[in-house]
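The values are calculated or read from the model by the stated rules, or taken from the named source; none is laboratory data. This is a predicted model, so every value here is computed, not measured. With ideal geometry, Cβ positions are generated from the backbone for all residues, glycine too; neighbour counts draw on all protein chains shown. Only protein heavy atoms, including side chains, enter the accessible area calculation; ligands, DNA and RNA are left aside. Shrake-Rupley method; radii C 1.70, N 1.55, O 1.52, S 1.80 Å.
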Amino acid sequence: MTPGLEVSGGETMLFWVLAPLMVLAALGLLFVRRAVHAAMCLVFVMISLAIMYVAQEAPFLGVVQVVVYTGAVMMLFLFVLMLVGVDASDSLTETIKGQRWIGVLLGLGFAVVLTGVVAQATFQSPVGLESANAVTNPVALARVLFGDYVLAMEAVGVLLVTAATGALVLTHRRQLTTRRTQRTTADARVRALTEGVSLTPLPAPGVYAQNNAMDTPALDPAGRPVPESVPRVLRIRGQERSVTALLDAEAAIVGTDTSGDAVGPPAGLPAGQDPDSTPTLPAREA
Amino acid sequence: MIPGVAADFSQDNIWVSLVKAVLIVVFLLTSVLFAIWFERKVVARMQVRPGPNWHGPVGLLQSLADAMKLLLKEDVNVTRADRVTYLLAPMISVFCALLVFAVIPFGPEVTIPFTDFTTPLQLTDFPVAVLYVLACASLGVYGIVLGGWSSGSTYPLLGAVRSTAQVISYELAMGLALVSVFIMAGSMSTSQIVASQAPLWWFIPLFPAFVVYVISMIGETNRLPFDLPEAEGELVSGYMTEYSSMKFAWFFLAEYINMLNVSAVCVTLFLGGWRAPWPLSALGDGMLNEGWWPILWFLVKLWAVMFVFVWVRGTLLRLRYDQFMVFGWKVLIPVALAFAVVVAVMQWARRVAEVPLENTLVVIVIVCGIAFLAIWLWPERARPEKPDESAVLDAFADGYPVPPLPGQKLPPSPRGRRAPLEHEPDQEHQADDLQKEGVTGE
């Protein structure tokens, strides 16, 4: 072991517990079916990496890794995955010409950089973290970043700002119509009254002893079903349940026939009534 | 001793840490039970009703009964759920919520009675402790997001998406508000920040940052008026809709622990941490800032902030989603950013350029005065003339009777009475005439 480098027993144990799990999760990232599971594997790798950083006396790096990458970047990824829904049948065609070769080249370049870093860490004798962290870890890091590498920091900052501005410019669309406000919406609704649009929110679906799902219409005070109370989509799909059918089913459970002389609610409809016409509630009949 | 940290953990071994950790968990769980009772009782008092008053003295055992009910309820698993993630989500929420209190100082060093063992009333601390709090908060969002997604249902998904957007945007404002504290205290370790508040609590000099923090901490915990991820009227109960029994209880627990977390961070960073409030801190050469007393001040402040949570909930209405996002991005973040820059410049003037504080204050007063004068004397832009609404009132617009808007006048009704009479001496005769007319008319 090189001088200045001390690894405690706890740290070794932590490494041997975390490292295999990290490798498993990293493999999972490649081989898992669902995109969200792959994202979770990546999150696991990131958090474990952060724990490693903290264990190696780089608490700032570890915590920032979680705040920035896991908390913000990965979260946005997950956000898009959930909203757009990516599945395994994504096409593998290249959208940019020569994309694969560029990818391979960049990968090789990254491998070279990594090798250099690992070699530098392995073959040079480490100075020891005590001296590096003497003025607390964040302060020492700040002196390096904003002292020795201030130009590189600023270049990266400008690059990031440019990228963000570019994204804004590319996705910006000029507003061609007047902006819709709460006021204009309200006015439009009042104006549409003459076309039969309801001013108030639509009535909620019915609530019955056996069924309070969205597919059954509510009954108005006169006992007639209100078709608007069932969501439009269900109506178009033809998944609406008629009140008559529902009341019949309830009557069947209670054990009465649908002839009308039922013993109290829930009771069937008067016999011989057209199911889609206006069923009357027994209470109203009496 | 860790460099950059005020508290001294040199005597702590693994057993001490373990005992402290267990004590923190016990404290959090009992606090949650108390917080639920507290919230219901305070909101009830604000709405002039008794609130829970049946189980135990003044209803204190109500939340225990509720917890038991949740434990014993049937654990329903949704068929379309993504099983592993569905189970994992509430665990992530609670786990991340429990992590935060590890770096919150309850008090300074104390000596355990009957021994000479001294230890700080804090599990741990390191130079980036407040960033660690932010990291835990941002990991906690995964619980919400995955819970919403894995339920395989629309409302939870919408709730999860809303909550992600909300927490990410409000965390930015929160982080920027905290930056001004870091700059003033010169540290991110909680014990150091509390130590730096010995002369003055940070909420006085950093008042704008304090206000931004308080607003964004409510947004961060998804509480009214910012509880859009679980808005009952719109999303049933958002990401928790498909959860029942103990899994729901975990989410519930996490929500209340998160409230305690952000309150504790608020107390530690802005309200002096465990320090005694001013008149008491001067008593007996600061004896109330030593020993076991600070726990009391910390808890008093913590529950004062919790009271603000409940108060806000009992007072304000839920915002509309787009207004809420506009408020976060266009008001809170710019204000917090601008204030952080101002604080940085002031600190630079004091520490690096070594300008005396009086000079800096004079410059600030001059700048504020110039800005004020500029705003005061700036020629007012001619406002676009409002359309004369009294002229356009159509009493039967679109065939419906329309009442006049404020400022509009009704046109004189064709069936209206005559103009009211004015009592002037020379009109008396006229009035008599009218009376006669009326009589003859009959």
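So if each residue of separation counts as 0.36 nm, and I subtract the Cα-Cα distance between B:TRP348 and B:ILE204, what length gain in nm does that give? Each step should come with its number before you reach the end.
On the way: separation 144, 0.36 × 144 = 51.84 nm, distance 1.96 nm.
Taking 0.36 nm per residue and subtracting the Cα distance, the gain is 49.9 nm.
Sort A:168-179, B:83-94 by packing, meaning the average of other beta carbons within 10 Å per residue, with the highest value first.
Final packing ranking: B:83-94, A:168-179.
Pull out the extension gain between B:VAL363 and B:ALA338, defined as 0.36 nm times the separation in residues minus the alpha carbon to alpha carbon distance; nm, one decimal.
Net length gain for the segment: 7.3 nm.
With label points built 7 Å along Cα→Cβ from the Cα atoms of A:ASP187 and B:VAL402, find their separation and express it in nm.
Label-label distance for A:ASP187 and B:VAL402, simple model: 0.9 nm.
On a C-alpha basis, how far is the centre of segment B:110-169 from the centre of segment A:157-198 in Å? Whole number, if you could?
35 Å
Report the per residue volume, in Å³, of the convex hull enclosing the C-alpha atoms of segment B:1-135.
204 Å³
Work out, step by step, the length gained on full extension between A:VAL68 and A:VAL23: first 0.36 nm times the residue separation, then minus their alpha carbon distance; give nm to one decimal.
Details: separation 45, 0.36 × 45 = 16.20 nm, distance 2.21 nm.
My answer for the length gained is 14.0 nm.
If you build a Gaussian network model of chain B, linking Cα atoms that sit under 10 Å apart, which residue out of B:PRO379, B:PRO105, B:PRO120 swings the most?
B:PRO379
Could you compute Rg(Cα) / (2.2 N^0.38 Å) for segment A:198-255, with N its residue count? Intermediate values should be presented prior to the final figure.
Numbers: Rg = 11.8 Å, N = 58, 2.2 N^0.38 = 10.3 Å.
For segment A:198-255, the normalised Cα radius of gyration is 1.14.
Can you pull the one-decimal nm distance between simple spin-label points at B:PHE372 and B:THR315, each 7 Å off the Cα toward Cβ?
2.6 nm
Residue by residue through B:142-149, how many Cβ atoms from other chains fall within 10 Å of the Cβ on average?
3
Counting Lys and Arg as +1 and Asp and Glu as -1, each charge on the Cβ, what is the dipole of the protein assembly as shown about the Cα centre in debye, to the nearest 20?
1040 debye
Given the -39500 (n - 2.57) contribution per DSSP H run of 4+ residues, what per-residue ellipticity at 222 nm results for the protein assembly as shown, rounded to the nearest 500 deg cm²/dmol?
-18000 deg cm²/dmol
Please list the non-local residues whose amide H lies under 5 Å from the amide H of B:GLY107, H modeled 1.01 Å from N, same-chain partners needing a gap of 5 or more.
B:LEU121
Could you list, bin by bin from short to long, the percent of Cα-Cα pairs of segment A:9-86 in 10 Å steps?
19, 43, 29, 8, 1
What is the Rg over Rh value, at two decimals, for segment B:14-376, using alpha-carbon atoms and the Kirkwood definition of Rh?
Radius of gyration over Kirkwood radius for segment B:14-376 works out to 0.99.
If you roll a 1.4 Å probe over the heavy atoms of the protein chains, what accessible area per residue do you get for chain B, in Å²? Kindly include the intermediate steps, with their values, before the conclusion.
Numbers: 24510 Å² over 442 residues.
In whole numbers, chain B has 55 Å² accessible per residue.
Would you kindly calculate the translational diffusion coefficient of segment B:179-246, applying Stokes-Einstein with the Kirkwood radius from alpha carbon pairs, for 4 °C and a viscosity of 1.567 mPa s, and quote it in µm² s⁻¹ without decimals? Present the calculation step by step, with values, prior to reporting the outcome.
Values: Rh = 14.7 Å.
The diffusion coefficient I find is 88 µm²/s.
Taking Cα atoms of the protein assembly as shown, Rg/Rh with Kirkwood Rh, to two decimals?
Working: Rg = 33.7 Å, Rh = 31.8 Å.
Result for the protein assembly as shown is an Rg/Rh of 1.06.
Tell me, what % of the accessible area of segment A:171-217 is carbon and sulfur with a 1.4 angstrom probe?
Using a 1.4 Å probe with all protein chains present, segment A:171-217 comes out at 55 percent carbon and sulfur.
Go through segment B:287-293 residue by residue and turn each phi into a ³J(HN,Hα) via Karplus (6.51, -1.76, 1.60, θ = phi - 60°); whole Hz please, and just put x for glycine and proline.
Computed from phi, the couplings for segment B:287-293 are 6, 7, 9, 10, x, 8, 3 Hz.
Of B:THR164, B:THR154, which has the most accessible area and how do the rest follow, probe 1.4 Å?
Ranking B:THR164, B:THR154 by accessible area, largest first, yields B:THR154, B:THR164.
Between chains A and B, what is the buried accessible area summed over both chains (1.4 Å probe, protein heavy atoms, nearest 100 Å²)?
Working: alone 21680 and 25760 Å², together 44920 Å².
Interface area, both chains combined: 2500 Å², rounded to the nearest 100.
Take every residue in peptide A:138-148, count the Cβ atoms of other chains within 10 Å of its Cβ, and give the average of those counts.
Average per residue, whole number: 2.
On a 1.4 Å probe surface of the protein chains, which of B:LEU288, A:LEU14 comes out largest in accessible area, and what is the full order?
Final ranking, largest accessible area leading: A:LEU14, B:LEU288.
Just list whichever of B:LYS247/B:LYS330; B:LYS20/B:LYS301; B:LYS41/B:LYS73; B:LYS41/B:LYS330; B:LYS41/B:LYS69 have alpha carbons separated by over 31 Å in the model shown. Don't skip to the end; give the middle numbers.
On the way: B:LYS247/B:LYS330 37 Å; B:LYS20/B:LYS301 21 Å; B:LYS41/B:LYS73 25 Å; B:LYS41/B:LYS330 36 Å; B:LYS41/B:LYS69 20 Å.
Exceeds cut-off: B:LYS247/B:LYS330; B:LYS41/B:LYS330.
Where the centroid of each part is defined by its Cα atoms, how far is segment A:211-250 from segment B:235-304 in Å?
50 Å
Can you pull the mean other chain C-beta count within 10 Å for peptide B:127-140?
That average works out to 6.
Label 7 Å along Cα→Cβ of B:LEU71; segment B:4-34 residues with amide nitrogen under 14 Å?
B:29-30, B:33
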